[in-house]
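First comes the structure, then the notes that go with it.
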Amino acid sequence: RVKVPDITYYLHDLIQGDYSQELKTQCGDFIVRRADGVFTYQLAMTVDDGESGVNEILRGRDLLSSAPRQIFLFEKFGFNRPEFGHVPLLLDENGERMSKREGKSNMEYIRATFKDPRPIIGMLAFNCGIIEKFEPISLKELIPIFNIDKIKRADIKIDSCNLF
């Protein structure tokens with residue numbers, strides 16, 4: 001368990017904007033190694049990214065609240081503080097977060113059903129605001145036009161039974 005100071009961490013998220021968290025009152029001391037000896041995500045991610053020299057972290061919006069704990073750990077270990085960007089989540093027709101492991105939104109199902117990845121990439125790029133109209137697109141075509149400033153903040157609701 002890591003004892004945290006009474007401090008407020010501020011960050012400007014590349015997608016979600018300004019975010020702050022009073023570490024002691026909103027989070028409290030937190031575990032970095034479980035009773036079974038396994039290190040937690042917070043510690044493993046921070047050490048891996050810090051040792052690797054990662055300077056930008058892009059991940060799901062559901063992990064925004066963990067960024068201040070990671071900033072605290074980056075500072076404690078003497079690593080440079082990376083920039084954070086938290087993308088919107090894909091939600092199913094019930095408003096539940098789509099999972100890479102469960103149901104018709106899992107990657108195994110998507111790969112088996114849609115042999116050509118371009119329609120999926122196009123659907124995601126369009127719904128996130130990166131391209132203006134839905135059209136199949138490859139990652140190679142998307143890279144030169146990608147602009148993080150275009151990504152929407154709000155979560156995206158998709159009917160997982162009728163992706164296209």
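When the test is whether a residue is without any contact (Cβ under 8 Å) to a residue 24 or more places away in the chain and acidic (Asp, Glu), residue 29 does not pass it. Screening segment 82-94 for residues that are modelled with pLDDT under 95 and open to solvent by 20 Å² or more (accessible area, probe 1.4 Å) and picking the one that is nearest to the chain's Cα centre (by Cα) gives 87. Which of (1) without any contact (Cβ under 8 Å) to a residue 60 or more places away in the chain; (2) within 20 Å of residue 10 (Cα to Cα); (3) charged (D, E, K, R) does residue 61 not meet, given it meets every other one? Among (1) without any contact (Cβ under 8 Å) to a residue 60 or more places away in the chain; (2) within 20 Å of residue 10 (Cα to Cα); (3) charged (D, E, K, R), the lone unmet condition for residue 61 is (1). The set of residues in segment 9-44 that are hydroxyl-bearing (Ser, Thr, Tyr), open to solvent by less than 50 Å² (accessible area, probe 1.4 Å) and part of a strand (DSSP E or B) contains only 9. Of all residues in segment 135-164, those being open to solvent by 60 Å² or more (accessible area, probe 1.4 Å), at pLDDT 90 or above, part of a loop (DSSP other than H, G, I, E, B) and farther than 21 Å from residue 13 by Cα number 2. Of the residues making up segment 1-16, those that are within 18 Å of the chain's Cα centre (by Cα) and over 13 Å from residue 65 (Cα atoms) are 14, 15. Within segment 1-49, the only residue that satisfies the criterion of being touching a helix residue (DSSP H, G or I) at 6+ places or on another chain (Cβ under 6 Å) and acidic (Asp, Glu) is 6. When residue 131 is tested against the conditions (1) open to solvent by less than 60 Å² (accessible area, probe 1.4 Å); (2) in a helix (DSSP H, G or I); (3) more than 26 Å from residue 67 (Cα to Cα); (4) at pLDDT 85 or above, the lone failure is (2).
The values are calculated or read from the model by the stated rules, or taken from the named source; none is laboratory data. Keep in mind the model is a prediction, meaning the values are calculated, not measured. Here Cβ is always computed from backbone atoms with ideal geometry, including for glycine, and neighbour counts include all displayed protein chains. For the accessible areas, the whole protein counts, side chains as well, though only heavy atoms, and no ligand, DNA or RNA atoms are used. Shrake-Rupley method; radii C 1.70, N 1.55, O 1.52, S 1.80 Å.
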